[in-house]
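Note sheet for the following structure.
Just so you know, all these numbers are worked out from the coordinates, no wet-lab data involved. Everything numeric here is computed off the predicted structure, so don't read it as measured data. Positions of Cβ are backbone-derived with ideal geometry, glycine not excepted, and every protein chain shown enters the neighbour counts.
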Amino acid sequence: MWSEEASALVTADRSLTELRAVGPFTATFISRWFAELPDVGAPPPIRDGFLTYAHARAVVAQHPEWAAALRADHQMHSDETDGSAPLEGMAVAAAELGRQRIAITDHSKTLRITNGMDEARLAAQGRRIDELNARGDGPRVLRAIEMDLTPEGASDMDPGALARLDLVLGAFHSKLRLKDDQTDRYLKALANSDIQVLAHPRGRVYNFRVGLTADWERVARAAAATGTALEIDAYPDRQDLDVERLRAVAASGAWVSIGTDAHTTGELVFLELGLAAAILAGISRERVLNCLDDQTLADRVGVVRAAKRRGSAERSDTTMAGGKRERIDTTPGRKGGSRYLRRDGAGRFSNDQTSAGRSVAADKRIAAKNKAPKGMKDRGD
Ligand SMILES: [Zn+2]
């Protein structure tokens with residue numbers, strides 16, 4: 001989580017103790033590694049495919065047009081559930097970082113470990129947000145939620161309550177250690193007419209849980225067809241989706257939504273990790289919800305809701321099979337998504353390589369050794 005590479009400090013003849021959490025003792029170790037490079041193998045799957053903060057910052061610095069276009073942070077938590085600051089405090093801290101819009105996405109009722117909200121608490125939070133927006137002195141605050149999806153992709157909240165929100169994220173928080181292919185589960189979740197964003201799709205956590213396995217090309221195509229955005233969760237330990245899978249998303253023309261999943265005001269800075277992942281994967285800025293102005297985002301949420309409701313009415317079952325495949329596009333002046341197709345990632349993600357070969361027993365050993373970091377609360381199975 002250093003904001004600069006250690007090598008940059010060495011090159012500039014600066015002290016390694018400038019790095020966060022590095023004292024003289026650790027600095028000596030690192031200096032020795034520079035003098036004689038140790039043989040470092042490839043990271044195991046549970047630690048693979050994560051960007052360093054320093055790398056992300058360097059990527060973003062090379063693409064100022066992205067930083068200028070990215071106006072919003074679409075996932076964060078307040079002390080209404082498992083965050084540490086009141087929503088007003090999150091808004092002030094986000095404004096200081098230049099965010100023009102934030103979504104308050106506290107947990108829903110099934111996730112009891114986080115003190116998840118029921119419909120009444122959600123409505124009360126919405127009134128607080130309305131009052132904050134009426135003052136007009138901060139970023140636009142979206143009434144939103146990170147709703148817990150059942151393993152079958154269904155909602156745990158009243159659809160009417162969700163329909164009154166500005167943005168609905170759905171996320172899996174259980175059965176995240178299954179080893180077999182979960183593509184069908186994703187297809188059901190993406191077709192859920194209550195949600196517009198599938199949050200932290202893989203459910204991976206650095207050095208804690210490797211994440212679910214799926215045919216990500218099919219998942220990305222289903223996201224494009226249903227209009228559901230796939231999230232880039234920029235929480236440092238999540239980075240979910242990751243750059244490799246985002247290449248399949250870029251090729252599909254699906255939309256993405258970027259959120260820090262911050263549980264403290266200090267974690268709001270990590271939006272750059274999500275931004276860098278989008279840039280490295282070749283996602284088009286015209287496919288990022290965070291780059292839309294407030295009205296265009298609201299219009300798009302409305303279009304996606306209407307199309308998905310039509311879709312579920314037409315489907316005889318809850319799966320995508322036999323459902324109407326409809327391309328939804330509210331980008332001003334654009335029709336269809338073909339302009340944004342990128343083919344360079346095609347054919348590389350037919351299955352999830354990173355979890356191949358890992359045994360359940362090995363995962364259990366890792367889980368026993370590594371407690372979930374703060375902000376990673378889930379039912380853990
Ligand atoms: Zn979550």
| task | Within the range 168-220, report the trypsin sites (Lys or Arg not before Pro) that DSSP leaves as loop and that have at most 16 other Cβ atoms within 10 Å. | result | K175, K179
| field | GluC sites (Glu not before Pro) lying in DSSP loop within the range 1-70, provided at most 13 other Cβ fall within 10 Å | value | E36
| said: Give the residue list of GluC sites (Glu not before Pro) in the range 211-291 that are DSSP loop and have at most 15 other beta-carbon atoms within 10 angstrom. | reply: none
| query | What nm value, rounded to one decimal, do you get for the distance between R127 and R47 when each label is placed 7 Å out toward the C-beta? | reply | 5.0
| remark: Shape call for the range 53-355, from the Cα gyration tensor axes a ≥ b ≥ c (a/c under 1.5 means rounded, otherwise prolate when a/b beats b/c, else oblate), comes out rounded
| How many lysine pairs does the range 53-355 hold where the Cα atoms are under 24 Å apart and the two sit 8 or more places apart or on different chains? | 10
| task | Within 10 Å of each residue's Cβ, count the other Cβ atoms and sort S78, S312, S84 from fewest upward. | result | S312, S84, S78
| said: Test of understanding: ordering L190, L176, L132, L241 by Cβ neighbours within 10 Å, fewest first, what list do you get? | reply: L132, L176, L190, L241
| task | Quick one: dipole size for the range 1-131, taken about the Cα centre, charges +1 on Lys/Arg Cβ and -1 on Asp/Glu Cβ, in debye to the nearest 20. | result | 80
| query | When the Kirkwood hydrodynamic radius is evaluated over all pairs of different C-alpha atoms of the range 99-180, what value in angstrom, to one decimal, is obtained? | reply | 13.6
| message | Order these by the 10 Å Cβ neighbour count, fewest first: V22, V168, V210. | response | V22, V210, V168
